[in-house]
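Working notes, structure below.
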Amino acid sequence: MIVRQTECDLVASPASLLAAEVDFKIKRRHDMRLSCEFPAVRRPGDLAYGVGDAFVRIVSRISGDSLSMNGLFLRADARIPMGSKGLRPFSYASLEGGAGLEARLTRGASAVRGAALYTLVGERPDAGDFTNDHHLLLAVSLGASLRHAASVAVGACYVLFRNGDARQLYSVSLARELSRRLVLGIEGAVESGDRGERVFDSAVAISLSYRFPQRARAEKADSAESPVQNATVPRSNRSPL
């Protein structure tokens, strides 16, 4: 379980985001992530806040080791509208669904992950501050374990919308194990490209992750993983990795 607080400098206004994520295993080859958000968007003369959209992710291992540290994975993501349009970009009042492939490679203290996803959206407004259209997402992250139960990761994400707009996001994160179960994460992110296509300029997030006790086989996988549970920027702004 991860609880995350993010301060985000949107192009038009600042915003804060409190988010919670829960990961669990459905079957031996299938994992699920459920997450929800509570954003607060500060616009001139107005403060909009409330429950944002919910997200579901299912990852199925096509090939690779049983620890899911190396291999090829099939991924399906869904965005379930729960918030109002006044909370954009954290709520679009639009049902969205995407699918694609994710690859993972771990060698010693280093790890590489990449993903390619295509998403269909239910609502495609003709005008507004943020583009919301069918889009292709390409993402990659590089991570490395450090001394003292810590690790660092850098990531890049490119989003190409059907209408021709594009977004480019870059992030760096640091995680530190406070105990065998508790992990502290800090991340910074920026978005480049044309101002008219950006959602945010910069974001800083701090997260706290707790690993629940698992069965013996899962415990072995848990001990072999990197201590990082990546701190991340808001779901609408972040790399999908």
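The values are calculated or read from the model by the stated rules, or taken from the named source; none is laboratory data. Just so you know, these numbers come straight off a predicted model, no measurement behind them. Cβ atoms come from the backbone with ideal geometry, glycine included; neighbour counts cover every protein chain shown.
Listing for the model above:
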| item | result |
| --- | --- |
| Hey, Ser68 farther than 30 Å from Ser13 by Cβ and modelled with pLDDT under 95 or not | yes |
| In region 49-93, the residues that are polar (S, T, N, Q) and surrounded by 17 or more Cβ atoms within 10 Å (Cβ to Cβ) | Ser68, Ser91 |
| Those residues of region 37-65 which are assigned to a loop (DSSP other than H, G, I, E, B) and small (Gly, Ala, Ser), in sequence order | Gly45, Gly50, Gly52 |
| Selection count, region 201-217, where residues are surrounded by 15 or more Cβ atoms within 10 Å (Cβ to Cβ) and farther than 25 Å from Tyr118 by Cα | 6 |
| Qualifying residues in region 14-32 (those that are surrounded by fewer than 16 Cβ atoms within 10 Å (Cβ to Cβ) and under 21 Å from Ala93 (Cα atoms)) - the one nearest to the chain's Cα centre (by Cα) | Ala20 |
| Close pairs from region 80-100: first in a strand (DSSP E or B), partner basic (Lys, Arg), Cβ under 7 Å, at least 6 apart | Glu96/Arg79; Ala99/Arg75; Gly100/Arg75 |
| Hits in region 25-76 - residues which are out of contact with any Asp or Glu (no Cβ under 8 Å at 6 or more places or on another chain), under 18 Å from Arg113 (Cβ atoms) and in contact (Cβ under 8 Å) with a residue 40 or more places away in the chain | Gly64, Ser66 |
| Any hit, region 159-170, residues being under 16 Å from Leu241 (Cβ atoms) and either part of a loop (DSSP other than H, G, I, E, B) or basic (Lys, Arg) (or both) | yes |
| Failed item, numbered, when Ile186 is tested on (1) modelled with pLDDT of 90 or more; (2) within 23 Å of Ser13 (Cα to Cα); (3) in contact with a Phe, Trp or Tyr (Cβ under 7 Å, 6 or more places away or on another chain) | (3) |
| Selection within region 172-200 - in contact (Cβ under 8 Å) with a residue 60 or more places away in the chain and loosely packed, with under 14 Cβ neighbours inside 10 Å | Arg195 |
